[in-house]
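The values are calculated or read from the model by the stated rules, or taken from the named source; none is laboratory data. Small disclaimer: the values here were computed from a predicted structure and weren't measured. When we count neighbours, we look across all protein chains shown, and the Cβ atoms used for this are built from the backbone with ideal geometry, even at glycine.
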């Protein structure tokens with residue numbers, strides 16, 4: 001039985017045009033396993049089994065080596081125990097040693113991503129606002145396509161997983177398709193655990209990613225600059241859209257932000273690329289939205305068959321008195 005992470009990799013690589021043989025080679029699995037996985041209607045049902053492993057006799061040696069030299073690579077350890085008679089695969093060794101190894105430090109290099117390769121996503125808290133006399137947290141979901149800098153923004157009063165994933169679906173509908181990878185920070189709706197040696201993705205995100213055919217990635221811990229494009233974008237949204245404006249409710253915010261995206265943000269000349277994002281969007285080559293597998297959240301998003309500019313509405317807008325939320329200068333101060 002393949003793991004949920006492997007299912008996401010197989011589905012997303014196949015949608016990106018990678019051959020079955022190439023997928024099997026990269027993931028270290030058989031072609032038949034890849035084919036069987038692609039025939040599935042959804043993610044695998046995983047049941048943990050306790051059974052003997054070929055690695056068991058070598059575990060004490062591996063732990064001792066990593067206690068002394070925690071930066072030893074999995075390949076180095078694999079070569080050492082293979083010389084001692086180990087006949088298993090390196091993937092088993094990687095799974096066992098991941099939480100005990102310390103990755104070597106690498107130089108961060110800023111780079112431009114090719115078309116359709118990556119989107120960067122963030123979910124920022126914008127502070128408390130009184131809605132009908134009740135303090136309500138407001139959140140901003142932003143997704144930015146790395147190549148074109150085409151932007152999607154929506155606001156919510158929830159940071160729950162369903163709301164987060166439904167915002168993804170609306171963003172993909174707005175873009176007209178899905179990128180091959182989405183880069184995140186370390187929010188709990190993305191990863192339950194992310195240290196220098198262990199990554200445990202939220203199962204709901206992995207299920208969603210497999211259905212929409214993209215691979216989730218996390219920024220390195222304590223290195224927010226690896227998600228710098230969208231971090232700068234949040235500042236841009238606050239400065240150019242939020243500061244100095246008042247809103248009656250979250251539905252009002254979302255109606256107005258869609259107009260702002262169409263009339264300003266996505267048609268302006270971008271400061272880095274020198275080209276309006278709307279002109280670079282057709283070059284992204286995104287995976288068509290029609291190729292996504294069915295996904296049903298608790299609160300259904302806008303129809304995925306909608307045109308590039310779907311109308312956004314909350315199913316249940318929060319009731320408010322006839323007075324605005326606080327001015328967003330307070331949020332951004």
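Being part of a loop (DSSP other than H, G, I, E, B) and free of Cβ contacts under 8 Å to residues at least 40 places away in the same chain is a description that applies to residue 51. In the condition set (1) exposed (fewer than 14 other Cβ atoms within 10 Å of the Cβ); (2) in a helix (DSSP H, G or I); (3) at pLDDT 60 or above, residue 244 is compliant with all but (2).
Only residues that are under 25 Å from residue 188 (Cα atoms), at pLDDT below 90 and not in a loop (DSSP other than H, G, I, E, B): list them for region 100-133, please. Residues satisfying the conditions are 122, 123, 124, 125, 126, 127, 128, 129. Considering region 269-302, the residues that are in contact with a helix residue (DSSP H, G or I) (Cβ under 8 Å, 6 or more places away or on another chain) and surrounded by fewer than 16 Cβ atoms within 10 Å (Cβ to Cβ) include one that is farthest from residue 173 (Cα to Cα), namely 273. Is region 28-51 home to any residue that is surrounded by 13 or more Cβ atoms within 10 Å (Cβ to Cβ), farther than 30 Å from residue 292 by Cα and in the same structural domain as residue 12 (by TED's automatic domain parsing)? No - not one qualifying residue is present in region 28-51.
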